[in-house]
1. Quick one: Karplus J couplings for the stretch 26-41, per residue in order, coefficients 6.51, -1.76, 1.60, θ = phi - 60°, nearest Hz, x for Gly and Pro?
2. Over the Cα atoms, compute the radius of gyration (one decimal) and Dmax (the largest Cα-Cα distance, rounded to a whole number) for the stretch 33-107, in Å.
3. Highest mean first, what order results for 22-34, 54-66 on Cβ atoms within 10 Å?
4. With a Förster radius of 30 Å, plug the Cβ-Cβ distance of residue 22 and residue 95 into 1/(1 + (r/R0)^6) and report the FRET value to the nearest 0.05.
Amino acid sequence: MGWLDTLQRRGEQARGEPEPVRQIVSAPRPQPEIKSVFVETRRPYGPGDTGAGVAVFYSVQDGVLTIRDEGGKPKKTYFLKDGEDPRHAAHRIGRSSLIDADPIGFNRPLNLPPLSIA
């Protein structure tokens, strides 16, 4: 079999039906479970005051912690270290994002004791 026979065979293969394109279909990844942790935004001021806090929503999948908004859309991602507690990491990241949003606390309520003059 010479080069001319090889060339003729390749030409016949090229004129034939093209091989079907194989698509790689991967199994869909399951949706991660969204959990929440509460972050204190204002400490209690007195016996009748309960303070204030917000919920930070997060999910963990394959060692990656994802901070999410109320609708479940990702906002921030963080790679967990070996043995790191995801709940503590979500609390820390959520608290730092709240501090970054209002670093000097300008819009915080001023809870002052009632003015008493003797």
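1. So the J values, rounded to whole Hz, are 9, 5, x, 6, x, 5, x, 6, 8, 10, 9, 9, 9, 10, 6, 9.
2. 13.8, 44
3. 54-66, 22-34
4. That gives a FRET efficiency of 0.05.
Read-outs throughout are calculated quantities, based only on the coordinates presented, and are distinct from any laboratory measurement. Please read all numbers here as calculations on a predicted model, not as lab measurements. Using ideal geometry, Cβ is built from the backbone for each residue, glycine included, and neighbour counts are taken over all protein chains shown.
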